[in-house]
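Trainee: Take this structure, written in structure tokens, and hold onto it; I'll ask about it next.
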Amino acid sequence: MRLTTPYDRVAYPTTMFAQTHPERLAVLARLAGLDPVPPHQARILEIGGGTCVNLLSMAAMWPDCDAHGFDLSSNAIARGQEITDASGLANVTLAVEDICEAHERYPAGSFDYVIAHGVYAWVPDHVREATMRLIAHCLSDRGVGFVSYNAMPGGHVRQIMREMLFDAIGEIDDPDARIAAVRDFLEAYARPQPDDEPLAKTLRQQAESMLKRPDAVLFHDELGPCFNPQRLMDVAAAAAESGLVFLTDAGRNRHLDGFLPDGSALPDDPEYAVLLAASRDDYASLRYFRQSLFAKQEPDRVIDATRIAGMWISTKLKRLDDGAFAQGGDSINIADEDLAASIARVAAVYPQRVPISAITDNPEHLRVILQLFVEWYVTLYPGPAPFPAEPSDNPCASPLVRGMLGLGETMLCTLDHTVLKIEQPELRALLMAADGTRTIAEIAALETGIPPEDTHAAIAACCSKALMIA
Ligand SMILES: C[S@@+](CC[C@H](N)C(=O)[O-])C[C@H]1O[C@@H](n2cnc3c(N)ncnc32)[C@H](O)[C@@H]1O
């Protein structure tokens, strides 16, 4: 009999995290000269994964991988199991388990990727220590571990906010009432005052951004019983004690944190040199979140962009009439027109991936592509996309998508490891009908609500949203 945890009282809205994806981890490990196991046939463990939909999405993408996940919350794992069963995912095992006791369940070296997202800084010291030990215990020699955590020095700012929030809730225990009290406080506090000092401005911005979070995230991340933001140096020291080396960081603009610039002479202690530089950057930017990667083998620390030559690329960048590229609110220029034209061709087939070897072997281009990857304007992969560009004669939607639809979920996991909200009843019916047993003509004859003559185009659109496996 297990105790009920706060995550059983209020469900955490677990989702997918691109930065935890073994494909990204494999790309970064290969950049460091390591030889990670190809993700499509890897053994993956997710620690404290909540419902583990992040893991289920990986398992749906690669039926040949072996995916295991666990969490202390039995409600979260029960929901994850419902989704697994409804999707018929045969390569997933989920368990209710405590990090501190998980050693016995998982033999040493039994995983190629171990992911702990959103756990490390939100648990007591002994659980945090056990988390790093477990990652080291479970990782294979070629393995890559992922640990995200609230970082310092931004964590100090969050500590100040936390003290104010705890004052605001006082003795209130009911979750809804706690959240309401915190929202009232934040709304008042976020209003700028004419005589605000810089620190007060920063705190008010934090309040503003907290107000945008879902209730359950506020309840757990800001009002949970443990909040222990970490210094990168301390996390790396804990990893080293367990026999792991710091590889780099999986977050946007941080992929080069584990590397020295091209052509650098190796210092006596390369790992310390990169950690020191990254820590200084944390202090300069008041960083509050990190997503550190660890490995068992020593990486090459000097960056070498030619290592991406054998990889694959996709991009959502849109080329504008003036030749610049846009993504979200950002606009960027690629000075070399040959490369710009190639990137535009890659963008035109998104979400499909293109081998980098098909667009360039020019080392200068590879350096620019690597920088675009670091800034998250392009994504690099170890291999091709596991979803088709065009529907087959008997189109088949991802089993996970159909399983989630069957359970009434609207936030669905694509085969590109992103979240897609699908509410339209016609599209939901179409995806359920596309189970690989019917031709497009047979699907068109069903009353999905989509006009029969539009069925082919609708299924093709599902392919272009990475929802189809055939
Ligand atoms: C903030 S949530 C993160 C969930 C998910 N990884 C995500 O990022 O969305 C923290 C998770 O860690 C789990 N957790 C906390 N302590 C744990 C322990 N000792 N053993 C296993 N899971 C634990 C909680 O139940 C919760 O699901």
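Trainee: Which values, in whole Å and largest first, are the semi-axes of the equivalent ellipsoid of region 154-222 obtained as the square root of 5 times each eigenvalue of the Cα gyration tensor?
Mentor: Numbers: eigenvalues 86, 28, 24 Å².
Taking √(5λ) for each Cα gyration eigenvalue gives 21, 12, 11 Å.
Trainee: Separate question: I need the peptides 318-324, 109-115, 439-445 ranked by packing, meaning the mean over residues of other C-beta atoms within 10 angstrom, with the highest value on top. Mind dumping the intermediate values first?
Mentor: Values: 318-324: 11.4, 109-115: 24.6, 439-445: 16.0.
Highest mean packing first, the order is 109-115, 439-445, 318-324.
Trainee: Relative contact order of region 308-381: what whole-number percent is it, with Cα pairs under 8 angstrom and at least 6 residues apart?
Mentor: 46 percent
Trainee: With Cβ to Cβ distances under 12 Å as the rule, what net charge do the other residues near L467 carry (K, R +1; D, E -1)?
Mentor: Working: positive: R402, R428, K465; negative: D416.
Charge balance in the 12 Å sphere: +2.
Trainee: Shifting gears a bit: So with the 1.4 Å probe, I'd like the accessible area per residue for the chain, rounded to whole Å².
Mentor: Details: 20290 Å² over 470 residues.
Accessible surface, normalised per residue, equals 43 Å².
Trainee: In whole percent, and with a 1.4 Å probe on the protein chains, what portion of the accessible area of region 399-463 is carbon and sulfur? List each step's numbers first, then the result.
Mentor: Working: 1630 of 2920 Å².
Here carbon and sulfur together make up 56 percent of the probe-accessible area.
Trainee: When the label point is put 7 Å from the Cα of R213 along its Cα-to-beta-carbon vector, which residues of region 111-152 have a backbone N closer than 14 Å?
Mentor: 118-123, 149-151
Trainee: Right, something else. Tell me the label-point distance for the pair R280, L266, using the 7 Å Cα-to-Cβ offset, in nm and rounded to one decimal.
Mentor: 2.2 nm
Trainee: Provide the FRET efficiency to the nearest 0.05 for the D35-A335 pair, computing r from the beta carbons and using R0 = 30 Å.
Mentor: Values: r = 34 Å, r/R0 = 1.13.
Working from the Cβ atoms, E equals 0.35.
Trainee: Roughly speaking, what is the stretch gain from A273 to D64, that is 0.36 nm per residue apart minus the C-alpha to C-alpha distance, in nm to one decimal?
Mentor: Values: separation 209, 0.36 × 209 = 75.24 nm, distance 3.88 nm.
Answer, rounded to one decimal: 71.4 nm.
Trainee: Follow-up. Can you list which of the trypsin sites (Lys or Arg not before Pro) found in region 209-265 are DSSP loop residues with at most 15 other C-beta atoms within 10 Å? List each step's numbers first, then the result.
Mentor: Details: sites: K212, R231, R252, R254; in loops: K212, R231, R252, R254.
Answer in residue order: K212, R252.
Trainee: Compute the signed sum of charges (Lys and Arg +1, Asp and Glu -1) over the other residues within less than 10 Å, Cβ to Cβ, of L366. Before the final figure, lay out the partial values.
Mentor: Details: positive: R307, R367; negative: D304, D361, E364.
With Lys, Arg at +1 and Asp, Glu at -1, the net is -1.
Trainee: Same structure again: Give me the number: length gained by fully extending A200 to V96, i.e. 0.36 nm times residue separation minus the C-alpha to C-alpha distance, one decimal in nm. Mind showing how you got there, number by number?
Mentor: On the way: separation 104, 0.36 × 104 = 37.44 nm, distance 4.23 nm.
Additional length available on full extension: 33.2 nm.
Trainee: Can you give the Rg and Dmax of region 308-381 based on its C-alpha atoms, in angstrom?
Mentor: 11.0, 31
Trainee: So for the chain, averaging the separation of alpha carbon pairs under 8 Å that are six or more residues apart and normalising by length, what relative contact order in percent results? Write down the numbers at each step before the final one.
Mentor: Working: 862 pairs, mean separation 79.7, N = 470.
Normalised by residue count, the contact order of the chain is 17 percent.
Trainee: Which whole-number percent gives the relative contact order of region 59-184, counting Cα pairs below 8 Å spaced six or more residues apart?
Mentor: 20 percent
Trainee: Can you check what the Kirkwood hydrodynamic radius comes to for the chain, Cα pairs only, in Å to one decimal? Spell out each step's value before the answer.
Mentor: Numbers: mean 1/r = 0.0419 Å⁻¹.
Averaging 1/r across every pair of different Cα atoms and inverting gives 23.8 Å.
Trainee: Now, a different point. At 0.36 nm per residue, minus the direct Cα-Cα distance, what do F166 and H456 gain on full extension? Give it in nm, one decimal, please. Intermediate values should be presented prior to the final figure.
Mentor: On the way: separation 290, 0.36 × 290 = 104.40 nm, distance 5.51 nm.
Stretched fully, the F166-H456 segment lengthens by 98.9 nm.
Trainee: Zone of E104 (label point 7 Å along Cα→Cβ, backbone N under 20 Å): which residues in region 1-37?
Mentor: In region 1-37, the label zone of E104 (backbone N under 20 Å from the point 7 Å along Cα→Cβ) covers 1-4.
Trainee: Right, something else. What's the carbon and sulfur percent of region 308-381's accessible surface, probe 1.4 angstrom, rounded to a whole number?
Mentor: Numbers: 1750 of 3450 Å².
Of the solvent-accessible surface of region 308-381, carbon and sulfur hold 51 percent.
The values are calculated or read from the model by the stated rules, or taken from the named source; none is laboratory data. Just so you know, these numbers come straight off a predicted model, no measurement behind them. Reconstructed Cβ throughout: ideal geometry from the backbone, glycine too, with neighbour counts over all protein chains shown. Calculation scope for accessible area: heavy atoms of the full protein, side chains included, ligands and nucleic acids excluded. Shrake-Rupley method; radii C 1.70, N 1.55, O 1.52, S 1.80 Å.
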